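Student: If you scroll down you'll find the structure; I have some questions about it.
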Amino acid sequence: MSSLAGKTAVVTGSSRGVGADTAKLLAGEGANVVVNYRQKAPRANKVVKEIEAAGGKAIAVQADMTEPEEVRALFARAVEAFGGVDVLVLNASGGMETDLGEDYALKLNRDAQNDTLTAALEHLPEGGRVVFVTSHQAHFINDVETMPEYVEVAKSKRAGEDTLSARIPELTEKGITFVVVSGDMIEGTVTATLLNRARPGALEERREAAGKLYSVQEFAVEIARMVTADVPTGHVELVGGADDFLAKAGRK
């Protein structure tokens, strides 16, 4: 994909943080953007207003990604508003929450991602792109240990990545490309904040080990770039590098 002018992008979990900034960047490149949120409508509407104020086009659509019927309605609304769907950015994730059930991480980070892709495939055309957003801690979890507080979330996100990657042949038949964008801990995200609260000093330790941690805005720029980047399907973009992860995994 070389241009987003006139294209429509659905960004899951985009009422705040990385998803919101990604939505704004894609709108700035000419895309019609669907800002998805689970329950905070005012926050999502604020993102839409900011996009519109900058001359872009966007709508806010509520959908809990763990509810397949709501996900199907999300895409139906996108098609109704903009005539189609060309890009899917799978940004929504979680699992650090303590009040949504012990299997919530897998339900959201694996099952919901797969169900969302299935729903999207009813609309994505040849030339469409799917971008899955993850973390180095999750991408490398099979080879590199992470903080105990994050292990189950990391495993669930890796399971989601594996499940989606297994569908690359199916996507290829339809002419749709799939790209993974992996980042280190991101300054200012909910996950980083919760991890640092559960394990005081975790963010500083990771910052020292990595040399630099990307901000929300910086990570969003890399995600938006991968929406149109000329890379082969299945490409994994390691944002900011991942030297220590690669070394520990024996890939360097």
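Student: Any chance you could check the Cα centroid distance between segment 95-165 and segment 175-252 for me, in angstrom?
Tutor: Taking the Cα centre of each part, segment 95-165 and segment 175-252 sit 14 Å apart.
Student: Identify which of M185, M147, M226 has the largest mean-square fluctuation in a Gaussian network model of the chain, with springs joining Cα atoms closer than 10 Å.
Tutor: The residue with the greatest mean-square fluctuation here is M147.
Student: May I ask you to give the percent of accessible area on segment 1-154 that is carbon plus sulfur, with a probe radius of 1.4 Å?
Tutor: Carbon and sulfur together cover 43 percent of it.
Student: At most 13 other Cβ atoms within 10 Å and a DSSP loop assignment: could you name the trypsin sites (Lys or Arg not before Pro) in segment 14-64 that fit?
Tutor: K40
Student: In addition: For segment 57-178, take every pair of Cα atoms, bin their distances at 5 Å starting from 0, and report each bin as a whole percent.
Tutor: Histogram of Cα-Cα distances, whole percents per bin: 2, 11, 20, 21, 19, 13, 8, 4, 1.
Student: Would you mind computing, in nm to one decimal, how far apart the modelled labels at Q62 and E80 are, each placed 7 Å from Cα along Cα→Cβ?
Tutor: 1.4
Student: Which whole-number value in Å² is the accessible area per residue of the chain, probe 1.4 Å?
Tutor: Roughly 45 Å² per residue, with all protein chains present.
Student: Moving on to the next point. So what is the relative contact order of segment 30-173, in percent, for Cα pairs below 8 Å that sit 6 or more residues apart?
Tutor: It rounds to 21 percent for segment 30-173.
Student: Follow-up question, since we're still on this one. Translational diffusion coefficient of segment 113-233 at 37 °C, 0.692 mPa s, Stokes-Einstein with Kirkwood Rh over Cα pairs, in µm²/s as a whole number.
Tutor: 210
Student: For the chain, what is one quarter of the convex hull surface built on the Cα atoms, given in nm²?
Tutor: 12.5
Student: Here's another thing I want to ask about it. What 222 nm value per residue comes from the helices of the chain, counting each DSSP H run with n ≥ 4 as -39,500 (n - 2.57) and dividing by all residues, nearest 500 deg cm²/dmol?
Tutor: Mean residue ellipticity at 222 nm (helix-derived): -13000 deg cm²/dmol.
Student: Taking a quarter of the surface of the Cα convex hull of segment 6-79, what do you get in nm²?
Tutor: Averaging across all directions leaves 4.2 nm² for the Cα convex hull.
The values are calculated or read from the model by the stated rules, or taken from the named source; none is laboratory data. Please read all numbers here as calculations on a predicted model, not as lab measurements. When we count neighbours, we look across all protein chains shown, and the Cβ atoms used for this are built from the backbone with ideal geometry, even at glycine. Calculation scope for accessible area: heavy atoms of the full protein, side chains included, ligands and nucleic acids excluded. Shrake-Rupley method; radii C 1.70, N 1.55, O 1.52, S 1.80 Å.
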